[in-house]
Amino acid sequence: MKLKRFLLRYYPPGIILEYEKGGALKTKSIDLLDLSPETDTEELISAIRKSEPLITASRVDQVKLLIVRLQEKLGQQDNRRFCLFKALQAHILPLTNVAFNKSGSSFITGSYDRTCKIWDTASGEELHTLEGHRNVVYAIAFNNPYGDKIATGSFDKTCRLWSVETGKCFHTFRGHTAEIVCLAFNPQSTLVATGSMDTTAKLWDIQTGEEVSTLTGHSAEIISLSFNTVGDQLVTGSFDHTVSLWDVPSGRRVHTLIGHRGEISSVQFNWDCSLIITGSMDKSCRVWEAASGKCMATLAGHEDEVLDVCFDYTGQLIATASADGTARVYSAVSYQCISRLESHEGEISKICFNAQGSRVLTASADKTARLWDVQSGVCLQVLEGHTDEIFSSAFNYEGDTIITGSKDNTCRIWR
């Protein structure tokens, strides 16, 4: 094995090693999820050297510089205020979802008008309209980090795969017998997973357009799904009150996570694939150990349905959004509530962290999106202007642009 070069990953903090083995170029990552500006670099380097043979004595100074750069990035104060850059008359009917590509150079919007549109973030210009679905385009995603393909899931029971560059449709995935309401690319961008009201999830091959497997076992609609960061496991959340963990290569169910007393609204893996969080109509969020399927904690406190849950990039923080009009941030280590985000005047349907993990963005039925300080729970900014409910909102990877999508048929770019 011969180390070729280092690559820096800011979020979550890590160093990627590019090395040669048997004539082939490979990569592996040193995840530094606990890194802070206060971390002792000497101690950290000696710990890295014990577990990573590629980091030899001659490389120590290089690694030290990289760690210092990561610490500088983590220590940067984020006092950004967002201003409306453009309000786009995006669709002729309400928007369902919005999503960025990895670089943030473009974003997509899905709509009840049966289309998905690709937009240039810098100019607000429409690049392509993806036409072909015969009903609502509900679930949309880029194949990040690559960003050259888009998947759209529709109430017409099909999923379509599109070229970002040309706007042409590569494949139409047919097989579900009811609406597709959630989808995701695996991290390798070789598969798309779709979840449907027909109680099944399906895995599709991106190259051939063929169905790889059908994941059967739920007794009600699948509303949410998520791959882990390795891509070997998929988690699905259903209206049958259960969550299933699947082995992707075999399509077999590994665990059924039982404990919620209401429909599941949202599921997600953390970065290191060790934990799964689930939000439910039973007003709680649960934290599960992926390896055993054991419930580690129940995060209670909301007075109405939990509609969305998410981890930050490092997997150390959990955010929950509720129909009670409040959101909460919890520690994924101690399970304690860190902050309560209270000032919306309607239910909060979507929540996400910025990549830095310092801010939370919420989208609400009160026609506003709000930006919050994670640690204090202070509302830093109210993004106003939409004339109807905001169904979806997203940060770009850099954390300097926000997209909001609304029932008022528009999307707004804030930066």
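The values are calculated or read from the model by the stated rules, or taken from the named source; none is laboratory data. Note that this is a predicted model, so its numbers are computed, not measured. Because the Cβ atoms are built from the backbone with ideal geometry, glycine has one as well, and the counts that use them run over all protein chains shown. Accessible surface areas use protein heavy atoms only, side chains included; no ligands, DNA or RNA. Shrake-Rupley method; radii C 1.70, N 1.55, O 1.52, S 1.80 Å.
Okay, here's what the table says:
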| quantity | calculated |
| --- | --- |
| Point-to-point label distance, A178-A57, nm (Cα→Cβ direction, 7 Å offset) | 6.6 |
| Vicinal HN-Hα couplings computed from phi for the stretch 136-149 (Karplus, 6.51 cos²θ - 1.76 cosθ + 1.60; Hz; Gly/Pro x) | 3, 8, 9, 10, 9, 7, 8, 8, 5, x, 6, x, 9, 9 |
| For L3, residues with placed amide H under 5 Å, excluding near neighbours | E20 |
| Relative contact order %, the stretch 271-340, counting alpha carbon pairs below 8 Å whose residues are six or more apart | 23 |
| Selected from H128, A139, L161, residue furthest toward positive end of dipole (the stretch 75-162; charges at beta carbon) | A139 |
| Residues listed by number, the stretch 24-38, amide nitrogen under 12 Å from V333 label point at 7 Å toward C-beta | 33-36 |
| Value of Rg to Rh for the stretch 119-188 (Rh from inverse mean 1/r over Cα pairs, i.e. Kirkwood) | 0.97 |
| The stretch 1-51: GluC sites (Glu not before Pro) in DSSP coil with no more than 11 other Cβ atoms inside 10 Å | E38 |
| Accessible carbon and sulfur surface of the stretch 39-108 relative to its total accessible area, %, 1.4 Å | 51 |
| Volume of the Cα convex hull of the stretch 84-227, divided per residue and given in Å³ | 103 |
| Additional length obtainable on full extension of the chain from R340 to T41, 0.36 nm per residue less Cα span | 104.3 nm |
| Rounded to the nearest 20 debye, dipole of the chain from Cβ charges on Lys, Arg, Asp, Glu | 1060 |
| Kirkwood hydrodynamic radius over Cα pairs of the stretch 148-254, then Stokes diffusion coefficient at 37 °C and 0.692 mPa s, in µm²/s | 242 |
| Accessible surface of the stretch 117-216, 1.4 Å probe, proportion on carbon and sulfur as whole % | 45 |
| Rg(Cα) / (2.2 N^0.38 Å) computed for the stretch 1-112, rounded to two decimals | 1.53 |
| Residue-normalised accessible area of the chain, given per residue in Å² at a 1.4 Å probe | 42 |
| Built amide H within the under 5 Å cut-off of C116, gap 5+ | L130 |
| Amide proton proximity set for S266, modelled H, under 5 Å, gap of 5+ | G279 |
| Gyration tensor (alpha-carbon) shape descriptor, the stretch 355-399, a/c threshold 1.5 | oblate |
| Relative contact order for the stretch 287-415, counting Cα pairs under 8 Å that sit 6 or more residues apart, in percent | 15 |
| Whole-percent carbon and sulfur share, accessible surface of the stretch 219-335, 1.4 Å | 47 |
| Solvent-accessible ranking of C411, C295, largest area first, probe 1.4 Å | C295, C411 |
| Length-normalised contact order for the chain - Cα pairs under 8 Å, 6+ apart - percent | 11 |
| Added length on full extension, which subtracts the Cα-Cα distance from 0.36 nm per residue, R49 to D34 | 3.7 nm |
| Global geometry of the stretch 228-335, whether rounded, prolate or oblate, following the gyration tensor of its Cα atoms and the 1.5 cut on a/c | oblate |
| Loop-located trypsin sites (Lys or Arg not before Pro) in the stretch 83-134 whose Cβ has at most 13 other Cβ within 10 Å (DSSP) | K102, R134 |
| C295-E211 pseudo-label distance in nm [points 7 Å out on the Cα-to-Cβ vector] | 3.3 |
| Prolate/oblate/rounded call for the stretch 255-316, Cα gyration tensor, a/c under 1.5 rounded | oblate |
| Label point distance in nm, Q77-I16, each placed 7 Å from Cα along Cα→Cβ | 3.2 |
| Leading residue at positive end of dipole, the chain (Cβ point charges), from L54, S284, L66 | L54 |
| Low-density loop positions, GluC sites (Glu not before Pro), the stretch 348-400 - DSSP coil, at most 15 other Cβ in 10 Å | E384, E398 |
